[in-house]
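J.: Structure provided below as structure tokens; questions to follow.
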Amino acid sequence: MIEQLLQECLRSGPIQLGELVVREVEPGRFVIRHWKDDESQQKLRIETSSIAALEIVRYDEQGNYRALKGAPNLRTGWELRLESVPEVRQAIDYFYPGAFSTWLGFNRGEITPIDLRQTLTRQTGMYRVTQRLADFQAEELAGRFCHSHSGCLRTILWTIDGKAPEKYLPRSKFDPQADQLGECRQEHTKDGPAGARPHHVPFLCVEACNLFVAEARKIVKVHSE
Amino acid sequence: MVEAPEVYIVPNFISEGYFTAKVIPRELELTGAVTIKNHQTLRYCEPVGSDPRMTDLLLHRAAEVARDAPPQNTSLVIVAHGTGLNENSAVAAKRQVAAIRDRAIYPEVVAAFMEEPPEISEWMNLTTQTYVVVVPFFISDGLHSYQDIPVLLGIQSENSAPASQQDVFRHNPYELRNRKLYYAGAIGTDPMMADIILDTVDRFDQQHD
């Protein structure tokens, strides 16, 4: 089902998900690139297996480990050439775990975003203290940790006590149709070719991630000392 | 994300413990070994660390890392995480120690832990032989096996380079107070792990038919 839908998507044109551009270059042959490489003429390192994605996602350009796969710091300079839709699906899942399926679920109305209070109340062990995170602290954390420019490219669907954490984030951060690469992308493509823009696939965040919860723990710990 | 009607969940964990007993069932909303929901049957297997071949893997790692250490003068230390949150966490490592002792290859085999006694930082007092081989009973070479345990062993200083850029395994043996210490990589990185995952699924079916 997922692969069938992915196939249909790609048949109708290239797609962009997070920093990726995926296109079917000829029937049954697919190419995945970093969006910055999609329009540049520089020579790219060719990879022919989805497993190569595991290495590409591991470190950023500076060699730092990318704990957060949604962060806007995916390396450039590579091109993945794949020969089947299952391979494409696998590669996308290595780059952005669960992202494509989440979008399909969202379209079918099967995705229920989880309120941050519910996420934190569920925590046990060393993360139990995160229940003490105040709303204003959660807003600040979202503003810093989830910001599309420096934090994470996912579109936030979850809430804090029923309210979107929009105090320090732009409206577009909560709009599934908005391209989170936003201004950064427009600036980059200003002088580029006026080719067909890839179809934007929403990159969704339905629940605050474990890295967010770990950050929340640090905040609570600092304030309780 | 997973659409198949039959789903096996294999925890890539080294032992039963807090995560396999509490966190995974909670996060996946499992009600027991078999959970039926949304037209899917979810089968929750044992962690890979419970596989009988773990003993062989540990011994293989120990022999591989300390080729020039005579086994009859070697203490083998199996280091695991351990936690006060669940009493089962240390059980798997202790079980492995008992199984290795039974094979009578090394005169001394001990378990040591990061977060419960006996602690790995005490390795010098826990062992008596000239050669000491330390094998981490961990799934991956992550923060614990790359950075935390080397610091606890005293073979690396606290503020060293990021874990991913270190070559802690390349300096064996470490000579400390007339002992020769060999430090191995985590056993979960062994290629045999793929077979162990498949066997874990088979074992589930044998136990729940």
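J.: Could you tell me whether region A:2-107 comes out rounded, prolate or oblate from its Cα gyration tensor? Rule is a ≥ b ≥ c as square roots of the eigenvalues, rounded for a/c under 1.5, then prolate if a/b exceeds b/c, otherwise oblate.
T.: Note, shape of region A:2-107 comes out oblate.
J.: Still on this model: Hey, fewest Cβ within 10 Å first, where do A:V25, A:V201 land in order?
T.: On the way: A:V25 10, A:V201 21.
Ranking A:V25, A:V201 by Cβ neighbours within 10 Å, fewest first, gives A:V25, A:V201.
J.: Given the options A:P113, A:Q123, A:W35, identify the residue whose Cα lies farthest towards the positive end of the charge dipole of chain A (+1 on Cβ of Lys, Arg; -1 on Cβ of Asp, Glu).
T.: Checked the options; the winner is A:Q123.
J.: Got the relative contact order for region A:1-159 handy, in percent, Cα pairs under 8 Å and 6 or more residues apart?
T.: Once normalised by length, the contact order is 21 percent.
J.: Just to confirm the number: angle between the C-alpha axis of helix B:193-207 and the first principal axis of chain B, 0 to 90 degrees, nearest 10?
T.: Once rounded, one gets 50 degrees.
J.: Further question: Please arrange A:S50, A:S148 by counting, for each residue, the other beta carbons lying within 10 Å of its beta carbon, fewest first. Mind dumping the intermediate values first?
T.: Details: A:S50 21, A:S148 25.
So the residues, fewest neighbours to most, are A:S50, A:S148.
J.: Return the aspartates and glutamates within reach of B:K37: Cα separation strictly under 18 angstrom, same-chain partners fewer than 8 residues apart disregarded; answer none if there are no such residues.
T.: A:E110, B:E3, B:E6, B:E27, B:E29
J.: At what distance in angstrom do the alpha carbon centres of region B:170-209 and region B:112-135 lie from each other?
T.: Cα centroid to Cα centroid, the span is 18 Å.
J.: Helix B:91-102 sits at what angle to the longest principal axis of chain B, using alpha carbons and giving 0 to 90 degrees rounded to 10?
T.: That helix lies at roughly 60 degrees to the long axis.
J.: To make sure I understand, if each residue's beta carbon is the centre and we count other beta carbons within 10 Å, what order do B:Y182, A:Y94 fall in, fewest to most? Mind dumping the intermediate values first?
T.: On the way: B:Y182 24, A:Y94 19.
If I rank by nearby Cβ atoms, fewest first, I get A:Y94, B:Y182.
J.: Around B:M124, what is the net charge, scoring Lys/Arg as +1 and Asp/Glu as -1 over all other residues with Cβ under 12 Å from its Cβ?
T.: Details: positive: B:R177, B:R179; negative: B:E119, B:E122.
That sum, taken over residues with Cβ under 12 Å, equals 0.
J.: Is region B:54-189 best put as rounded, prolate or oblate by its Cα gyration tensor, with a ≥ b ≥ c the root eigenvalues, rounded for a/c under 1.5, and otherwise prolate when a/b is larger than b/c, oblate when not? The partial results should precede the final answer.
T.: Numbers: a/c = 1.42, a/b = 1.07, b/c = 1.33.
Rounded, because the longest to shortest axis ratio a/c is under 1.5.
J.: Under 1.5 on a/c is rounded, so check that first for region A:116-224, then, if it is not, pick prolate when a/b is larger than b/c and oblate when it is not; a ≥ b ≥ c are the square roots of the alpha carbon gyration tensor eigenvalues. Mind dumping the intermediate values first?
T.: Values: a/c = 2.83, a/b = 2.45, b/c = 1.16.
It comes out prolate by the Cα gyration axes.
J.: Extension gain B:H39-B:E119, at 0.36 nm per residue separation less the Cα-Cα distance, in nm? Walk me through the numbers on the way to the answer.
T.: Values: separation 80, 0.36 × 80 = 28.80 nm, distance 4.65 nm.
Between B:H39 and B:E119, full extension yields an extra 24.1 nm.
Bear in mind that the values in this text are calculations on the coordinates, not laboratory data. Computed from a predicted model, the values in this text were never measured in an experiment. Cβ atoms come from the backbone with ideal geometry, glycine included; neighbour counts cover every protein chain shown.
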